[in-house]
1. So, counting K/R as plus one and D/E as minus one, what does the shell of residues with Cβ under 14 Å around residue 85 add up to?
2. List the chymotrypsin sites (Phe, Trp or Tyr not before Pro) within region 47-155 that fall in a DSSP loop (any state other than H, G, I, E or B) and whose Cβ has at most 12 other Cβ atoms within 10 Å.
3. Just the number please: accessible area per residue for the chain, 1.4 Å probe, all protein chains included, in Å².
4. Quick one: pull the percent of accessible area on region 7-155 belonging to carbon and sulfur, 1.4 Å probe, ligands and nucleic acids left out.
5. Could you work out [θ]222 nm for the chain from helices alone, using -39500 (n - 2.57) per DSSP H run of at least four and dividing by all its residues? Round to the nearest 500 deg cm²/dmol.
6. So what's the net charge close to residue 41: Lys and Arg +1, Asp and Glu -1, counting the other residues with Cβ under 12 Å from its Cβ?
7. If you wrap a convex hull around the C-alpha atoms of the chain and split its volume per residue, what is the figure in Å³?
8. Which far-off residues, 5 or more places away or on another chain, put their amide H under 5 Å from the one on residue 67, with H placed in the peptide plane?
Amino acid sequence: MTWLETSTENCTVQRTLDLIGEKWSLLVLRDAMNGVRRFDDFRRHVGLSEAVLSDRLRKLVAAGILDTVPYREPGHRTRHEYRLSRKGWDLWPVMIALKQWGDRYEADPEGPPLEVRHRDCGEPVEAVVVCTGDHGPLVPRQAYTRPGASAHTLT
């Protein structure tokens, strides 16, 4: 079965994009990965309306990407912070890869506005594709795609 003979009805890339593929969702995740937790901080920093932010947060919580944690400031009602779940943190390499591509092709002439560095040595962090057979980093021509266990023939 070739790629063009394979149904995309259960494509995991498509399913992932259904959850996080919208611009505002990715920007909320970017901010969550950089320590933003509270609704007003997301709204102010990302720059979107309350309605859109509420919708994106609700969707990310329902998907298990963000968890809610109640907090209460003295004299105020209980509110919720939004924290990345394990599932959410598993998107960190994706965000690093997007940043890396953006730094290469979309950064200002002076360079990128944000650096991600290794806490122990201070060197830059980058996303790479590696072989699980310990063959190190790969380039696209060193990999191939084949139908997986849940592949269906296109009808």
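The values are calculated or read from the model by the stated rules, or taken from the named source; none is laboratory data. Only a predicted model underlies this, so the values are computations on that prediction, with no experimental measurement involved. Virtual Cβ from ideal backbone geometry, glycine too; neighbours counted across all protein chains shown. SASA here: full protein model, heavy atoms, side chains in, ligands and nucleic acids out. Shrake-Rupley method; radii C 1.70, N 1.55, O 1.52, S 1.80 Å.
1. Working: positive: 37, 59, 83, 86, 87; negative: 67, 81, 90.
Combined, the nearby Lys, Arg, Asp and Glu give +2.
2. Working: sites: 71, 82, 89, 101, 105, 144; in loops: 144.
Sparse-neighbourhood loop chymotrypsin sites (Phe, Trp or Tyr not before Pro): 144.
3. Details: 11720 Å² over 155 residues.
That works out to 76 Å² per residue.
4. On the way: 5780 of 11130 Å².
Accessible surface attributable to carbon and sulfur in region 7-155 totals 52 percent.
5. Values: 6 runs with 55 residues, N = 155.
Counting only the DSSP helices, I get -10000 deg cm²/dmol.
6. On the way: positive: 37, 38, 43, 44, 79; negative: 31, 40, 81.
With Lys, Arg at +1 and Asp, Glu at -1, the net is +2.
7. Details: hull volume 30.3 nm³, N = 155.
Hull volume normalised by residue count: 195 Å³.
8. Placed amide hydrogens put 83, 84, 85 under 5 Å from residue 67.
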